1. Return a yes/no flag: does the stretch 25-48 have any residue that is under 19 Å from residue 115 (Cα atoms) and in a loop (DSSP other than H, G, I, E, B).
2. Return the residues of the stretch 89-111 that are in a helix (DSSP H, G or I) and either modelled with pLDDT under 95 or not acidic (Asp, Glu) (or both); say none if nothing qualifies.
3. Search the stretch 13-24 for residues being modelled with pLDDT under 70 and not in a loop (DSSP other than H, G, I, E, B), and hand back the single one that is surrounded by the most Cβ atoms within 10 Å (Cβ to Cβ).
4. Tell me which residues, restricted to the stretch 65-88, are outside any helix (DSSP H, G or I) and either in contact with a Cys (Cβ under 7 Å, 6 or more places away or on another chain) or crowded, with 20+ Cβ neighbours inside 10 Å (or both).
Amino acid sequence: MVQSINMAGIRTAWTLLTQPSLLRPDIVVSDIRALSWDKLRSRGIRFLVFDKDNCLTAPYASQIHPPYASAWTSCLKEFPDRVLIVSNSAGTNDDPDFQAARAVEKALGARVLRHIEKKPRCG
């Protein structure tokens, strides 16, 4: 799969470099195994959005990274039908007929966002 240049990502990176106060994470973890799904729900979190490549899977892969399988299963149980996956490979115009998006949805059990503009814009 060949990806086109991500102009939205370049524009957003420039904005963040010139306005770093826009970056204020609430939670920073090494990977999804460090998240407590029940604590997230108790804090009022109702929906989760994950980046796919290098966060849940290897780039262009559909399967969950094996060490994350148990945490991913727990996430899906705690947030049934409330998890969305965003990718710059699956679900974009670089994904003919959204074949990769459907493969990821089948493998991971969560919806993949279909979008025209790449992250971070996802318009």
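The values are calculated or read from the model by the stated rules, or taken from the named source; none is laboratory data. Everything quoted here is computed from the prediction, not taken from an experiment. For neighbour counting, all protein chains shown are included, and Cβ atoms are generated from backbone atoms with ideal geometry for every residue, glycine included.
1. yes
2. 96, 97, 98, 99, 100, 101, 102, 103, 104, 106, 107, 108
3. 22
4. Listed by number, the residues that qualify are 83, 85, 86, 87, 88.
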